[in-house]
Each structure stands twice: as C-alpha cells, then as structure tokens.
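Beneath this line is the structure, given in structure tokens, with notes to follow.
The values are calculated or read from the model by the stated rules, or taken from the named source; none is laboratory data. Small disclaimer: the values here were computed from a predicted structure and weren't measured. For neighbour counting, all protein chains shown are included, and Cβ atoms are generated from backbone atoms with ideal geometry for every residue, glycine included.
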Amino acid sequence: MADAPEVRPRAPGGACAERGGGSRLPPEALPPRRRFLPVRGWPTAPAASVSAPGLIKMVHAEAFSRPLSRNEVVGLIFRLTIFGAVTYFTIKWMVDAIDPTRKQKVEAQKQAEKLMKQIGVKNVKLSEYEMSIAAHLVDPLNMHVTWSDIAGLDDVITDLKDTVILPIKKKHLFENSRLLQPPKGVLLYGPPGCGKTLIAKATAKEAGCRFINLQPSTLTDKWYGESQKLAAAVFSLAIKLQPSIIFIDEIDSFLRNRSSSDHEATAMMKAQFMSLWDGLDTDHSCQVIVMGATNRPQDLDSAIMRRMPTRFHINQPALKQREAILKLILKNENVDRHVDLLEVAQETDGFSGSDLKEMCRDAALLCVREYVNSTSEESHDDDRRGHINTQRVQSTAP
C-alpha cells in the first residue's frame, strides 16, 4: 500500500514550503507580515485586546495631546469660512425666495437708479434702504408747478419765500446767524382740496430742492427692525442729496398721537424718526426740510407739532380768491364772452380749488357732449335723407 502524500505545513508568512522534498525557508528569509505602524502613545498590544470605546478615547487623547500645526489651523479656518459663506448665501436665497415683496423691491431699485441719473447725482453710494427711499424722488426739473400756477394764496407764498426759499437760495447771507436759519419743519394744514400738496411742490421747484414724496407705507416692513432702518435711510438720503425737502402727505396718519395701544414696532419707528429729525437742528449747515400736510392737525402728536414751528393755514378760498382761481383755470380755454366769472364765484361759496377745477371740467365736457349729440343728429338726418332719395330712384327706375 502506497504511503500517503506528505502534507507540509504553511509557512508563517503565508508561503508554503517548496514542493519536492526541499528544505523549509528560514523565518528571516520570508517577507515581513503586514501590520499597522504603532502611533505614538498607542499600545503595541494586538488590536483584539482593545475595545472600541477604549480605542476612541485613545484617539481623542492623541488628537489633543499635541498643538495643531500651522497648516492644520489654516485649513480649519478655510473650511469654516467656506461653510459660513455657503450657509449665509443659502439662508439669504431662501429669505428672498419667500419674500412676497421681492419683485417690488427690485423694481424700486431700478426706478431709483434711473431717477438718480436724471437728477445728475454721481459718485454717491447708497445703501439698500436708501435705494428703496430714492424710488420716491421727484426731480425738480420734472415738476411743472410754479407760483404762477397757484391763485388766491399770495400771503402764504410770500411767507414761504421769506422763511424757506430765501435762506436756501441765498445761503451766504444767513449762515452767520442761527436765528435766520430755515425751519426744519413746515406744516400745511386745512380742508382737503385747497392746494397744500401743490404749494409743497412749488416750494421745492422754486428753491431748487430735491423732493422726496414719502409715503407712510414705505416705512412699514414685515421684518422686525426694518422700519427703523428705513426711517434712518430717509434722513441719510436727504442729507446726501441736500438741499432737499421730505414731504409727507396726510402726516396725521403717520405721526398721530402716541398711546399705549400702539404696536411696539410702530412706536420704535416713530421714536427713530423724531430722533433723526432732531439731529437736523444740531447741524445748522444741513439744508433738509420736513414738510407735512394734514386735514386734521389736532390728531398730530405734540412732539411733532414742536418740530414744525412754521405752520400755514390753507383755508377754503374767499370770493376774490375763487375768482382768481377760476381765471387761472380758464386762462387757456375758449370761454364764451358772456360768462361772468365774478358771478360764478359768488355762486360757488364753500368750494375749494379742487372743486372749482372739477366744475370747470364738467362744464367743458357738457359742451363737448352737446356738440357730439348735435353732430350725430345731423348725420342721422343726412343718412335718412339719403335713404329716402335712394328709394325714390329705385321706384322710378324702369
């Protein structure tokens, strides 16, 4: 019976002894066994003897047992900077995406840039909030309103020329006296339709001031704290564009009497507005004027009334004033020579300037309507005569 083949054991390094009865390789001739190099501070015992929690503790201990190198610090700062920038722009994009007024803000910014070019403002950097306010700028060259377009308010015009326009146009005559400085607040009050807004625009036109037609809704924002920033932007923009006039129509709806029932954001915005308004008084070289118009001066806060020392009552026109307004309205119209404007003024007691303008407009439309009706009747008669003649020709035809 043949002997069984000899089974040779595997060498320690994983290599088998040579087949064919040769001698085994010595251990020092075998390739070295792969093993992880020990890290400083790590035990050299087999990995099987170290548990996972213990290994984690040893890794943390090794990580903090030596100071970070310069390259590691630079790399860490770089990664944190990239992460912060990505996070910031991601959040900003998400906020812009969910903002329902984003399109309006973009359009307002484009409008502001266009207006800034029209008024010739260059090399003036504006913030995001100032651009929102700049969308309400009115170029004096585009305001076609002068003193000649206002009738019946000669006394008010004279006072405005002396107190507001003259100190701005002749600044060198008033800069050495604090008493002769133009007022920082002007209030126009009276019944509606009597020309308060018209006077404000004419004042800005005659003084050559930039006119900011501020709407109270412009200063309201759904984000907490944004209204205060917009209020600050109103005055910072006006100072950059001075001489300028900040006009607030229906100012009683914006700066009415404060009470405990006011919302916190509204109260803070009013306080910010009045604080910045006070700052205009401390800078005597600043040519910024806040003008307000209201129908209800009794609803204004007492602090606002103090900041508007110059006040003009624009009342309903009297008889001679109504006659002057009618002459101004009908100056370029084709009026029948039998129309007596003094008699019309006597019959319109209690009418405001706006009411007189609408009355003249209705009278002009009535003339057009009568002319159209008369021409349509004549054309209808001509068509009827032509139809009858056609029937006669057809009846006499063979």
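So the values come out like this:
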| item | result |
| --- | --- |
| Single unsatisfied condition, ALA151 versus (1) within 32 Å of the chain's Cα centre (by Cα); (2) crowded, with 21+ Cβ neighbours inside 10 Å | (1) |
| Search result, residues across the stretch 228-272 that are under 15 Å from the mean Cα position of the chain (by Cα), polar (S, T, N, Q) and closer than 29 Å to LEU198 by Cα | SER236 |
| Subset of the stretch 124-182 (residues that are part of a loop (DSSP other than H, G, I, E, B) and among the charged types (D, E, K, R)) | LYS125, ASP139, LYS170, GLU175, ARG178 |
| Conditions (1) crowded, with 18+ Cβ neighbours inside 10 Å; (2) touching a strand residue (DSSP E or B) at 6+ places or on another chain (Cβ under 8 Å); (3) over 17 Å from ILE133 (Cβ atoms): number failed by ALA204 | (3) |
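For every residue, the table says whether it meets (1) hydroxyl-bearing (Ser, Thr, Tyr); (2) over 26 Å from ARG311 (Cβ atoms); (3) modelled with pLDDT under 80.
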residue: MET94; (1), (2), (3): no, yes, no
residue: ALA97; (1), (2), (3): no, yes, yes
residue: ALA112; (1), (2), (3): no, yes, yes
residue: ILE119; (1), (2), (3): no, yes, yes
residue: LEU126; (1), (2), (3): no, yes, yes
residue: ILE150; (1), (2), (3): no, no, no
residue: ASP154; (1), (2), (3): no, no, no
residue: ILE157; (1), (2), (3): no, no, no
